Amino acid sequence: MKMRQRSIAFLIVFISLLFLIRCKNNSKKAPEKDIVSNPAKLSERTAEDIESTLNYLKKNNGKLNDTVSFSFTSLVDSMYGANNYQAKWFREDKTLPAGDSLLYFIQNSRFSGLFPNDYHAHLLSFIQRVFGADSNSRKNAALWARADLLMTDAFFLLVKDLKRGRLPYDSVTLRTDTVLPARFYTDALNKAMQEGNVMPVLHALEPKSSGYDSLKAYIPEFLAGASFAAYTYLPYPYSDSVRFFGLLQKRLEETGDLPDSTPALDTTGFKRVIRKYQKKYGFKLTGRISDPLIDKLNNTDEEKFKRIAITLDRYKKLPDSLPETYVWVNLPAYTLEVRDHDTVVFTSRVIVGGPQTRTPLLTSEISNFITMPQWTVPYSIIFKEMLPKIRKDTMYLDRENLMVVDKN
């Protein structure tokens with residue numbers, strides 16, 4: 001009798017320990033596997049896994065794992081909670097039309113000047129491949145739940161980035177709606193669901209600007225020949241010459257100017273390869289590294305696309321409608337335009353600061369302006385830039401229309 005009681009007590013303790021271990025394990029991660037044999041139960045179990053995953057995300061500051069974080073955890077939770085945690089982009093084991101359009105938009109978001117992996121593209125693509133390759137995976141309610149939540153978070157991120165941009169707002173921003181209310185996101189989602197297509201909803205959020213449209217229209221041509229392979233970035237000026245020239249050799253191997261796995265080059269070898277690269281791209285044949293040479297090596301398609309994306313984002317800092325008359329200065333193009341009722345009535349070239357003395361960005365109301373102003377050269381420019389040129393050629397002052405005056 002005592003032996004039987006001990007066995008029962010041991011079994012109770014053992015089951016309790018298993019339950020505690022299971023609870024502890026469940027608290028460590030969101031549901032990953034929940035196979036549902038009965039297809040009729042898949043939606044129900046997916047809803048349960050959505051709720052469990054959201055509870056985990058709320059406890060872990062939106063962090064799903066070491067590589068994936070949610071940006072709109074609270075908003076996503078409220079949206080699903082209001083609908084009993086039912087999936088939004090899927091029904092049973094089928095993707096809804098709105099879901100198909102969202103997945104397509106994410107994968108092709110570069111055409112809108114965005115970066116697919118900002119919207120969980122890598123993980124969503126992996127899940128879609130798993131669903132396509134393994135029929136049993138389509139019974140995994142936890143995987144459907146994870147995909148649905150990732151897509152909702154991605155949609156809200158797209159709404160934010162298309163409407164207000166990825167760049168932080170600053171003193172140049174002219175928008176008044178700098179913070180988008182929760183209702184803005186939910187209305188966009190509901191509209192996309194009603195239409196069964198996210199495309200028109202998301203595109204309607206973009207700026208209404210001819211400049212924005214013309215730059216965006218160029219992106220397909222750029223992407224058609226672009227390569228987004230990972231390249232070695234060259235920090236310059238460098239502090240560690242050994243490390244720098246190791247990176248330079250690797251970069252030259254990536255461009256095809258050196259065979260892969262070339263033994264470490266000496267000074268003579270570097271000069272020979274650099275001269276070859278300079279000749280290829282029309283540089284002066286010196287065999288030495290320089291700012292323009294490093295800029296050329298670092299100017300990959302990825303870097304070019306970043307500049308496109310930043311420029312598109314700057315348009316998102318502008319108001320939906322500009323004043324009737326305004327002055328527009330385009331620093332990269334060295335141009336100034338006066339626009340009146342959307343017509344350019346005056347253009348002029350402008351002087352722009354170099355990388356070390358950058359021209360600041362600003363937005364300001366013009367109260368008055370001076371034509372042909374006298375400019376007093378700052379001491380820093382006199383001693384750092386002009387004095388060496390004057391010493392070489394005293395006619396420099398006449399050519400630049402500069403006069404030497406006393407301290408008064």
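The values are calculated or read from the model by the stated rules, or taken from the named source; none is laboratory data. Just so it is clear, the structure is predicted and the values come from calculations on it, not from any experiment. Every residue, glycine as well, gets a Cβ built from its backbone with ideal geometry; the counts of neighbours run over all protein chains shown. For accessibility, only protein heavy atoms count, side chains too; no ligands or nucleic acids. Shrake-Rupley method; radii C 1.70, N 1.55, O 1.52, S 1.80 Å.
Please go through (1) under 29 Å from Pro292 (Cα atoms); (2) among the hydroxyl-bearing types (Ser, Thr, Tyr); (3) modelled with pLDDT of 85 or more; (4) open to solvent by 50 Å² or more (accessible area, probe 1.4 Å) for Tyr396 and return the number of the only condition it doesn't satisfy.
The number of the failed condition is (4).
Can you find a residue in the stretch 229-245 that is in a helix (DSSP H, G or I) and touching a Pro at 6+ places or on another chain (Cβ under 8 Å)? Step through it out loud before you land on a result.
So in the stretch 229-245, the residues in a helix (DSSP H, G or I) come out as 241-245.
Still in the running and touching a Pro at 6+ places or on another chain (Cβ under 8 Å): 244.
Within the stretch 229-245, one or more residues are in a helix (DSSP H, G or I) and touching a Pro at 6+ places or on another chain (Cβ under 8 Å).
Of the residues Val345, Val405, which is at pLDDT below 90, out of contact with any Pro (no Cβ under 9 Å at 6 or more places or on another chain) and either of a type in the set (A, V, I, L, M) or open to solvent by 50 Å² or more (accessible area, probe 1.4 Å) (or both)? Talk me through it step by step, then tell me what you get.
Values: Val345 fails: at pLDDT below 90.
It is Val405.
Taking helices (runs of 4 or more DSSP H) that fall entirely within the stretch 64-135, which contain at least 3 residues that are open to solvent by 70 Å² or more (accessible area, probe 1.4 Å)? Reasoning before the result, please.
Working: elements: 73-81, 97-107, 121-133.
Per the criteria, 97-107, 121-133.
Where in the stretch 299-408 are there strands (runs of 3 or more DSSP E), lying wholly inside it, with at least 1 residues that are touching a Leu at 6+ places or on another chain (Cβ under 7 Å)?
Numbers: elements: 325-330, 335-340, 343-349.
Result: 325-330, 343-349.
How many residues does the stretch 145-169 contain that are buried (at least 19 other Cβ atoms within 10 Å of the Cβ), under 30 Å from Phe131 (Cα atoms) and not polar (S, T, N, Q)? Write out each step before concluding.
From the stretch 145-169, those buried (at least 19 other Cβ atoms within 10 Å of the Cβ) are 145-159, 161-165; that's our starting set.
Next, only the ones that are under 30 Å from Phe131 (Cα atoms) stay: 145-159, 161-162.
Subset that is not polar (S, T, N, Q): 145-151, 153-159, 161-162.
So the answer is 16.
Just checking, does the stretch 207-230 include any residue being closer than 30 Å to Phe270 by Cα and open to solvent by 90 Å² or more (accessible area, probe 1.4 Å)?
The first filter runs over the stretch 207-230 and keeps only residues closer than 30 Å to Phe270 by Cα, leaving 225-230.
With the extra rule that they be open to solvent by 90 Å² or more (accessible area, probe 1.4 Å), the set shrinks to 230.
Scanning the stretch 207-230 turns up at least one residue that is closer than 30 Å to Phe270 by Cα and open to solvent by 90 Å² or more (accessible area, probe 1.4 Å).
Those residues that are more than 19 Å from Gly81 (Cα to Cα), open to solvent by less than 50 Å² (accessible area, probe 1.4 Å) and touching a residue at least 24 places away in the same chain (Cβ under 8 Å), I need them from the stretch 170-191; list them, please.
Within the stretch 170-191, Val172, Thr173, Arg175 qualify.
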